[in-house]
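Have a look at the structure below before the remarks.
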Amino acid sequence: MTGAPVIEVVEETGSTNADLLTRLGRGECVPEGYWLRARSQTGGRGRLGRKWESPTGNLFCSTVIALRDGDPPAHSLSFVAGLAVFDTLRRSLFTTTKVELKWPNDALVHGAKIAGILLERVGDHVVAGIGINVCTAPEIPGRKTTTITYENGKHGGNVSLVLSILVDELAKRLRHWREFGLIATLDAWTAAAHPIGTMLTVTIDGDEAVTGSFVGLDETGALLLRLANGAVRTIHAGDVSMISEG
Ligand code: BT5
């Protein structure tokens, strides 16, 4: 059983993910339901060694998932976290604002990145780190970014409230993943993602670029792309950019 959530807030740290990985790595008990939030992060991390811009006023937090016998594969927690972020944004933005998940786990509003997720594993624990742009959109060359307050016409800048929604939604999505299995989570993710037929370009290993239309996910969560020659390619890892909706 998972206890009631506990949220610890610190003024500043390098990276909330790094902090939880260190604690777990030295054998400290960090129970599921524990969340670490930093008001400011000096070394926010993205995937593959990239940087997460962490201006004060945004949400930076990490939590731990303790893997259990019978859980779906750990990598699929990326979809669980993506859906929790999606639900959080849905509850934090005007109902008319369209939120879209982008494989593997970006959250976009009108094509601009509003949140990012970083999953890192140590033994039988996964640290899920989530950054949500609440008040400040960093300027990043070649990339559109946005925030909850920008999309809401300056409303909704309460970081604690956004976190309390996220804590609730992650617990719900985690329960659903454990009770109903991976396929149910993948179906929910597909419904929240770019529509079938969206033209995507995927960069694999930093150099190979593959373009095709989004067919869906396979039963493991890999991305299925229909190429120009009609063949369907299965992609297990890569960075996606969207070209258009087909
Ligand atoms: C991510 O990586 O999107 C994962 C971000 C996870 C951040 C959280 S914050 C709490 C926890 N502690 C950490 O240290 N990390 C986690 P990726 O898919 O690799 O995207 C990184 C790319 O997004 C960068 O290379 C930029 O192009 C862009 N980016 C960086 N900061 C951004 C921001 N605040 N908003 C939108 N885009 C950003």
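The values are calculated or read from the model by the stated rules, or taken from the named source; none is laboratory data. Here the structure is a predicted model, which means the values were calculated and not measured. Methodologically, a virtual Cβ is constructed for each residue, glycine included, from the backbone with ideal geometry; neighbour enumeration extends over all protein chains shown. The protein model used for the area step is the full one, side chains on, heavy atoms only, and it has no ligands, DNA or RNA in it. Shrake-Rupley method; radii C 1.70, N 1.55, O 1.52, S 1.80 Å.
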Which listed residue, of T220, T198, T190, T185, is closer than 14 Å to H236 by Cα and either surrounded by 13 or more Cβ atoms within 10 Å (Cβ to Cβ) or at pLDDT 95 or above (or both): T220
Odd one out for F60, checked against (1) open to solvent by 10 Å² or more (accessible area, probe 1.4 Å); (2) over 23 Å from A237 (Cβ atoms): (1)
Qualifying positions in the range 18-52 - open to solvent by 60 Å² or more (accessible area, probe 1.4 Å), charged (D, E, K, R) and within 14 Å of the ligand (Cβ to nearest atom): R39, R45, R47, R50, K51
Cross-chain or 6+ apart pairs with Cβ under 9 Å, the range 9-28 first and among the small types (G, A, S), then part of a helix (DSSP H, G or I): S15/L21
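Can you confirm whether the range 63-70 contains a residue that is in a strand (DSSP E or B), over 24 Å from N158 (Cβ atoms) and in contact with a helix residue (DSSP H, G or I) (Cβ under 8 Å, 6 or more places away or on another chain)? Outline the logic, then answer.
First, pick out the residues of the range 63-70 that are in a strand (DSSP E or B): 63-66.
Within this subset, residues satisfying the condition of being over 24 Å from N158 (Cβ atoms) are 64-66.
Going one step further and asking which of them are in contact with a helix residue (DSSP H, G or I) (Cβ under 8 Å, 6 or more places away or on another chain), we end up with 64-65.
Scanning the range 63-70, I find at least one residue that is in a strand (DSSP E or B), over 24 Å from N158 (Cβ atoms) and in contact with a helix residue (DSSP H, G or I) (Cβ under 8 Å, 6 or more places away or on another chain), so the answer is yes.
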Matching residues, the range 93-104, being open to solvent by 20 Å² or more (accessible area, probe 1.4 Å) and either acidic (D, E) or away from the ligand (no atom under 14 Å from the Cβ) (or both): F94, T95, T96, K98, E100
Test: residue in the range 78-85 that is in contact (Cβ under 8 Å) with a residue 12 or more places away in the chain and farther than 27 Å from I235 by Cβ: no
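Restricting the range 1-17 to residues that are more than 22 Å from L174 (Cα to Cα) and among the hydroxyl-bearing types (S, T, Y), which is most open to solvent (accessible area, probe 1.4 Å)?
From the range 1-17, those more than 22 Å from L174 (Cα to Cα) are 9-15; that's our starting set.
Remaining after also requiring among the hydroxyl-bearing types (S, T, Y): 13, 15.
Numbers: T13: 23, S15: 8 Å².
For the range 1-17, the residue satisfying everything is T13.
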Some residue of the range 227-235 being closer than 24 Å to A112 by Cβ and either assigned by TED's automatic domain parsing to the domain that holds G116 or surrounded by fewer than 14 Cβ atoms within 10 Å (Cβ to Cβ) (or both): no
